[in-house]
Amino acid sequence: MVTAELSPYARASRAGDVVAALSKALCQLEHRVTVAIPRYAGFESAGLLAARRLTPLKLASGAEVTVLDSQLPTGAKLVLLDAPALFERKEIFGRPADDAERFEFLSEAALALAKQRGEREPFDVVHLHDWPAAALAARLRLLDPPVPSVLTIHDAARRGVVPREVAARLGISDVEGDAEGVGLLEAGARIASAVTSVSTTVARDLLDAGRFGALSVALSSRSDFIAGIPSGIDYAIYNPSTDAAIRSRYDAEDASNKGSAKTELLRSRGLELGIERPLCVAIVEEGPDSGIDALERAAESILKNDVSVFVLLRGAVPYDALDRLRSELGDRLAVEQSSDEPTARRACAAADIVVLPTSYEATGTLARIAQRYGALPVAQASGAHLDAIVDADAALDTGTGFLYEEPTPTALAGAVSRALAAFSSPRWPSLRRRVMRLDLAWDRPARRYAQVYRQAKLAAAR
């Protein structure tokens, strides 16, 4: 696997979580996995031990790269590619010109690693994660013998646009690009042996040129289909019966301690105590599709119900309207900004209902985490939420959450009202139990990825 992210050491998005959990699940299925990633300071600060290779890695340019070898607790091998001048800063992304140079290095170093391994024990397949690694597909197919590649698109909004001269150095010269430059994600999507998305619905949506432009054109040029493989969640982390982040543990068969988690959150955030009153947690992630506008406009309507609301803002999300409402209803509404993962898990453990107002969801992971912790998700019926949530029927005999069709405040508030009505039903405990029993582990997704790897290897051998 070639990646710019690996949780918990270097994380900027859910892609880092997927690399960590998928590599672990593949090792449990007895595959041998190597993760190649730049050496960030986060590895040493987390106490991970790595041994410096005596022989540096030689790039095609003639430059040499120091390599450090380690092993993740999951059993996957870890190769750290050292370039202090490029990767000493804390942020993984955020400076386009600089990012082009940094991830050009990642592709060059990973290519050299693949060549070196090819001399004694070649990799069966190289799994490329998002645009920082996508361009490597062009070089891998030119090796002798060619090395098959699988590209996973985690975030289609990040195209990885680089100047044409950078793309040419990466072996991409037959892609037209646009006025901004060449998008490495769509270039890799054309060339990789196979392409996957972390959602079956998003995989279909990626072929919509009106939504995804050049990337959909690149994907539609392929003779095969993009495989949508919904991600799992790592039960070693997301497990209310063992999670060290929550004081009161519980499971699907005995969820009584959810009440203790709720009381703790209400008290710590200054909300009115009332264990019988439903607690609605809204989680808003930074980005153009955050849904904060719809949530702010729906909040007053939601708070007309007998409900407490805690809004968790992950990233730089503006919330002026919520702040004004909080000043009026301080004991019913609390707002917090935090990207801390344990905070999100504690919020889900406390919640009866989790609102995910994003207007387009790429992964569905937050919905699955809410379900794992016995909180029913409310979300718009789009993107990966269609994979993660089945809309509950009126009798609560079926369903795993509550969906609404339009990205409007009225639709959002209506779905929350449906969820609140369900909370007052005697069928609510059985609905919660059913949701907590869902199989959300990584075993099945990992087996599907292994199948894609085999298909890519067979295709490359023809």
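Only the coordinates and a few stated rules stand behind these numbers; no lab work does. What you see is a predicted model, and the numbers here were worked out from it, not measured in a lab. Note that each Cβ is placed from the backbone with ideal geometry, even for glycine, and that neighbours are counted across all protein chains shown.
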Seminar exercise, completed: Candidate cut points under GluC sites (Glu not before Pro) in segment 125-227, DSSP loop plus at most 12 other Cβ atoms within 10 Å of their own Cβ, are E176, E180
For this session: Quick one: dipole size for the chain, taken about the Cα centre, charges +1 on Lys/Arg Cβ and -1 on Asp/Glu Cβ, in debye to the nearest 20.
Result: 1240 debye
Problem set entry | Total formal charge among the other residues, if their Cβ is under 13 angstrom from that of G232, Lys/Arg +1 and Asp/Glu -1 | +2
Problem set entry | Net charge contributed by nearby residues that have their C-beta within less than 11 Å of K258 (K/R +1, D/E -1) | -1
Exercise. How about segment 208-294: which chymotrypsin sites (Phe, Trp or Tyr not before Pro) there are in a DSSP loop, with at most 12 other Cβ atoms within 10 Å of their Cβ?
Worked result: F225
Exercise. Segment 188-288: which GluC sites (Glu not before Pro) are DSSP loop and have at most 12 other beta-carbon atoms within 10 angstrom?
Worked result: E253, E272, E276
Seminar exercise, completed: CD proxy, 222 nm, the chain: helix-only mean residue ellipticity via -39,500 (n - 2.57) per DSSP H run with n ≥ 4, per residue, nearest 500, stands at -11500 deg cm²/dmol
Exercise. Once the other residues with Cβ under 13 Å from the Cβ of S199 are scored (Lys, Arg +1; Asp, Glu -1), what is the net sum?
Worked result: 0
For this session: Go through K77/K115; K258/K304; K90/K262 and tell me which ones have a Cα-Cα distance over 26 Å in this structure.
Result: K90/K262
Exercise. Which of the peptides 434-447, 359-372 is most tightly packed, and how do the rest follow, judged by the mean count of other Cβ atoms within 10 Å per residue?
Worked result: 359-372, 434-447
